[in-house]
Amino acid sequence: MDKTRRLWISRLIKGSGCVALCTNHPLLTAIESSSESDVEIRNSAEYIMTYASPYVSNAYKYCPHMHFEFKKNIEEMSSGRIYVDIKDNGILGTGHELMAKVARGAISAGLVSVSNLTPAAPELDILNIPFWSATDQAYLNLVTSNTWKELIINRVKSQGKLDVLFHYLPGSRTASSTVKYGKVIRRPDEVKGTIFRIPNSNALKNFYELAGASPVDVDWVSVAAMAQYGRIEALDPSIIGLHNGPQGLRHQIGNISQIQSVYDGWIAVVSQQWFNRLPLELKLVLKDASEKTFREHLSSISQVRGDCTHSFEGLGTSIYIPTHEEREEWIRRCGPNNETWTAIKRNILGDDKIFQKLVDATKTNNGYSITS
């Protein structure tokens, strides 16, 4: 047995006599990752993957970042040849800044939102047209389809900067108001004139303009302060996204309306510059480890979402589920059949027929589901 493999096994059994039962627990992995054997594995590794994330590793109960699982899967499946160095809590940047660092190869890989990625990969902005792929299963069907891979992911990859390792499914975007603003948003008319924070997305900008809001592009790191001082009145991340927002954002949220407009997707991306240095067998390992992490994510997301919901309820935040009639009003006003989307679809995809192919892909289950 080679030295690297021995170190890996030593790491797995350190401090535990129940390897098969215990090593999948995130907290155990967290403890192990700071151990002396972890340093030895790093020193013995052939490749170091720096994985940057805006989220705190130990906050896994409320955030499906999968830091520990991803690290464990890659290191174990590569027999220690790839070491994963997690840089969490935004220490290497968040949002657009983090995405740009990965794109130019300054960081090996990172966790970003789909909206953060759209400046570098404009095709992904098609997801921000509301009310066509916003439910869990529709989004999951879409991002696991061959249509998605061929029409979107291959376009992203062809730019030579980024590749997608796996998607995250934190949930659908909401229409949430700040504590300072205080109103529950039920219908499109109730956002008329509202200063509505959005990420950098032309599609989301058009969506909220259709509803009558005044959308403003605000960096994610600044949102909590903007909410506290009344400079924004509403915002749209998923419940998980809101709960994990920087600077204690969850304490600035007064009301959450689950309109299920757009999926608040995240993505684990890798720098092609770093990825292309790997030998073929390790490229395949990285893809397999990503797939394993994705499936583990799907089995844990319901619990994480429930914990975030209960936490908000404990903070006194109102969580409103619109009626069928209210949601239909959103769809009629702002949905994908509104004629203003025609030019945007063509600008993003180049062909109206491609959008319909993507819509069709949301309706076919590819063997994946979120387990409750």
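The values are calculated or read from the model by the stated rules, or taken from the named source; none is laboratory data. None of the values given here were measured: they were computed from a predicted structure. Please note: Cβ atoms are built from the backbone with ideal geometry, for glycine as well, and neighbour counts cover all protein chains shown. All accessible areas refer to the heavy atoms of the entire protein, side chains included, with ligands and DNA or RNA removed. Shrake-Rupley method; radii C 1.70, N 1.55, O 1.52, S 1.80 Å.
Which members of the range 237-255 meet the condition of being closer than 21 Å to His65 by Cβ and buried (at least 21 other Cβ atoms within 10 Å of the Cβ)?
Listed by number, the residues that qualify are Pro237, Ser238, Ile239, Ile240, Gly241, Leu242, His243, Asn244, Gly245, Leu249, Ile253.
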## Note on the structure
Just one listed residue, out of Ala59, Ala106, is open to solvent by 20 Å² or more (accessible area, probe 1.4 Å), among the aliphatic types (A, V, I, L, M), over 15 Å from the mean Cα position of the chain (by Cα) and within 19 Å of Asp163 (Cβ to Cβ), and it is Ala106
### Task
Answer with yes or no whether Gly306 is modelled with pLDDT of 95 or more, surrounded by fewer than 18 Cβ atoms within 10 Å (Cβ to Cβ) and part of a loop (DSSP other than H, G, I, E, B).
no
### Summary
Turns out the helices (runs of 4 or more DSSP H) fully within the range 106-216 with at least 2 residues that are in contact with an Asp or Glu (Cβ under 9 Å, 6 or more places away or on another chain) are 114-117, 154-158, 202-211
### Query
Are there any pairs with C-beta distances below 6 angstrom linking a residue in the range 134-150 that is aliphatic (A, V, I, L, M) to a residue that is buried (at least 17 other Cβ atoms within 10 Å of the Cβ) and in a helix (DSSP H, G or I), with the two at least 6 apart or on different chains, and if so which?
Leu142/Trp148; Leu142/Ala361
